[in-house]
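Reading through the structure tokens given below for one structure.
Please treat every number below as a calculation from the coordinates, not as lab data. Predicted model only: the values in this text are computed from it and were never measured. Note that each Cβ is placed from the backbone with ideal geometry, even for glycine, and that neighbours are counted across all protein chains shown.
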Amino acid sequence: MIAFVIRRLFQSVIVMIAVGLIAFTMFRFVGDPVNQIVSIDTPREQRERVRQDLGLDRPVPVQFAAYLVRAAQFDFGMSYQFRQPVRGLIGERMPATLELAGVAAVLALLVGIPMGVFTALRRDSLLASLFMAVSLVGISLPTFLIAILLRYLFSVQLGWLPSYGRGDVVMLAGWSTGLLTASGLKALILPAVTLALFQMTLITRLVRAEMLEVLRTDYIRFARARGLRNRTIHFGHALKNTLVPLITVTGLQLGSLIAFALITEYVFQWPGMGLLFLGAVQNVDIPVMAAYLMLTATIFVGINLVVDLLYAAVDPRLRIAARPA
Amino acid sequence: MTSGPVLSVRDLKVEFASRRGVLRALDGVSFDIGRGEVLGLVGESGAGKSLTGAAVIGLLEPPGRIVSGEVRLLGERIDALPERQMRAVRGRRIAMVFQDPLTSLNPLYTVGQQIEQTILAHLPVSRREARRRAIDLLKEVGIQGAERRADAYPHEFSGGMRQRVVLALALCAEPDLVIADEPTTALDVSVQAQIIALIRKLCLERGMAVMLITHDMGVIAETADRVAVMYAGRIVETGPVAALVGAPLHPYARGLMAAIPRLDGDRERLAQIPGAMPRLQDLPRGCAFCPRCPENFAHCHVERPELVTRGEHRVACFLYGDGLADRAGDDGAAPAPEMDGAPGEAVP
């Protein structure tokens, strides 16, 4: 098991170096970085000095290595746009995005799994058909439309919930959280529901399909023939066997929740990383874009590692496979 | 404890409602199984053997349902019990073993956990006691190092060992009746013999009744006390194993026996029964076997034969009927092989 983790960590490092290369290339791809920093009428000598200060006169591989070393220490340079360290900018916004994505993921799982189980077990009931119809809507409506509809209904018409922003936040050991204030929680509801809706319907449909598959298996028939209670069969035997595909999809989806909450953040003006990234794209703020790329890659790699470990925890057959041959 | 049969099935009829009408999959099946007795149920795929097992244990898949007939376990009717009471019968009083031991066990639990869970579902014992019994059962079915192996997962067992585990699971609440649905079909021949011997031994030691469903006449000959041959949802011949294997009466049963390969025989081609079993929606009006029967005559096409006693056998065939000559005379002019589809749908 430990050997497996070490091997996966090693693979993760290789992935991160590759992503770092892409991030690094972005700087050169959009032209001479010095031009991005200095103004048009800067004299030549001054440009050269900036070039030397930034180490841009050194050979490219050396620059790349230096970039990686700095990135590993979370030093992504200065933002062109804000003239501040990128690390600080991201540090301020990351809690907002992680809270939003985390709440959305929990919501999607808490609602999606029971709905999936229900629609699989009571396949012919009216309520199950209703759930399936609603899930079809959830899966086919684009996020921005859902966001606008929710905002129109609950903020504009009913006036129950704020239409943008994050509400009041509390600093907790360098982490700004909106989960502890009433206005923070209220502000979280609409963006979290918007973000969760697609995931929820995806999970519902996945759990339903997997449950229907598992309920047809011999070991479920055998469990019935042994007179086990329905609850034991459905949750202990059937649901547990749907967990491996569920973990796979949830893991991938959690990554995209964090990385691609862009649209939701934009519609609700949620002060998270997505909004920062959109601003960076508009202003060709390469250091921010590169840092965002590295960060989302790290999150994906991290989640995949956790997913692999969870597989082994759930399915004993994969524990054997995980052992080095 | 009654002295009657453990399982008594009378005139069992099972139907499937489909869009194209109602299909009768079991049509008046009757048999008894006594204590310590193994009844072999044989026939081709689709004859209704497994369906009979599922109907007895109350696990017919919808839209299949019992439309008439009785199933009695130790004299008590169990065919119309509410689901909650039926669940107390399943596993506790009737156990079932399925064909494929590779897929019968939940891959995510150790075999010990699965046995303990079943024991706890039926018997008022502590966890510790359930664990002890689980290990005893594994020993009884011949698992070496049962204490250690109880903590192994199904994928860590071979096919034969898994079928032993499945048997241990079936036996864990000491049932009166075990329905074994093709228990050896998925196993190697050498392992088959071990499992058969084990079933035989457990049946005798525990005085259980066993309903052995198989299409393998070799297995039947070694294991069963009595045999019932099924064809198209009916029992066409039944009798003691020696009589039925040694001197089958029904042309279908004779065909089955002739199709058993023999080691001592000359290397001729194996006998086959020509044709295939008719589908339920187009059963012929008369005897269902008649289109494939080498000895059919006019009367076979117009009426279904009922079971009649012939020595140790009971057989459903006009070759052995009483008053056959009269009827044959009457129906002499009846139209020859007639296969209209309608009669299969007995009820609209």
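A few remarks follow.
- Full extension of the segment from B:Q272 to B:D32, taken as 0.36 nm per residue of separation minus the current Cα-Cα distance, would add 83.4 nm.
- Cα convex hull of chain A, projected area averaged across orientations, nm²: 22.3 nm²
- The mean number of partner chain beta-carbon atoms within 10 angstrom of a residue's beta-carbon across peptide B:175-182 is 1.
- Between 0 and 90 degrees, the angle of helix A:44-53 with respect to the longest Cα principal axis of chain A falls at about 50 degrees.
- Residue of A:A72, A:A280, A:A196 that the Gaussian network model of chain A assigns the largest fluctuation, springs spanning Cα pairs under 10 Å: A:A72
- Straightening the chain between A:Y164 and A:L305 buys 47.3 nm, computed as 0.36 nm per residue apart minus the Cα-Cα spacing.
- Shielding by partners - mean other protein chain Cβ count within 10 Å, residues of B:53-63: 1
- Cα shape, region B:139-213, gyration tensor, a/c 1.5 rule: oblate
- Lysines whose Cα lies under 20 Å from that of B:K201, excluding same-chain neighbours fewer than 8 positions away: B:K139
- Taking the C-alpha atoms of chain B, convex hull volume expressed per residue in Å³: 156 Å³
- Estimated distance in nm for a label pair at A:V38 and B:A80, the labels positioned 7 Å out from Cα along Cα-to-Cβ: 9.9 nm
- For B:G40, the residues whose amide H sits under 5 Å from its own are B:L212, B:D225, B:R226, B:V227, B:A228, ignoring neighbours fewer than 5 places away on the same chain, with H placed 1.01 Å from N.
- Dipole magnitude (debye, nearest 20) for chain B, charges at Cβ of Lys, Arg, Asp, Glu: 1180 debye
- Listed by chain and number, the lysines whose alpha-carbon sits under 20 Å from that of B:K13, ignoring those within fewer than 8 places in the same chain, are B:K49.
- Computed from the Cβ-Cβ distance with R0 of 30 Å, the FRET efficiency linking B:A258 to B:R10 stands at 0.40.
- Overall, the anisotropy analysis places region B:91-182 in the oblate class: the square-rooted eigenvalues a ≥ b ≥ c of its C-alpha gyration tensor yield a/c not less than 1.5, with a/b not exceeding b/c.
- Note on chain A: dipole from Cβ charges, positive end direction compared against A:L98, A:F27, A:L318; the farthest Cα belongs to A:L318.
- Only beta bridges with both residues in chain B are counted; by DSSP, about 60 percent of them are antiparallel.
- Axis of helix A:126-140 versus longest Cα principal axis of chain A: the two differ by about 20°, to the nearest ten degrees.
- Counting Cβ atoms of other protein chains within 10 Å of each residue's Cβ and taking the mean over peptide B:105-116 gives 4.
- Computed P(r) (all Cα pairs; region A:108-259; 5 Å bins; percent): 2, 9, 14, 16, 16, 14, 11, 8, 6, 3, 2, 0
- In this structure, A:L141 and B:E129 have a Cβ-Cβ separation that, at R0 = 56 Å, corresponds to a calculated FRET efficiency of about 0.50.
- Ordered by the count of other Cβ atoms within 10 Å of each Cβ, fewest first, B:I57, B:I78 give B:I78, B:I57.
- Per-residue [θ]222 nm for chain B (sum of -39500 (n - 2.57) over DSSP H runs n ≥ 4, rounded to 500): -9000 deg cm²/dmol
- Equivalent-ellipsoid semi-axes of region B:24-73, from the Cα gyration tensor, Å, largest first: 19, 14, 10
- Theoretical FRET efficiency, 1/(1+(r/R0)^6), r = Cβ-Cβ of B:S190 and A:R49, R0 60 Å, to 0.05: 0.10
- Less than 5 angstrom separates the built amide H of B:Y231 from those of B:V236, all sequence-distant by 5 or more or on a different chain.
- Compactness check for the protein assembly as shown: Cα Rg over 2.2 N^0.38 Å is 1.36.
- Counting DSSP beta bridges with both ends in the protein assembly as shown, the antiparallel % (nearest 5): 65 percent
- Global form of region A:13-95, assessed from the alpha-carbon gyration tensor, a/c cut-off 1.5: oblate
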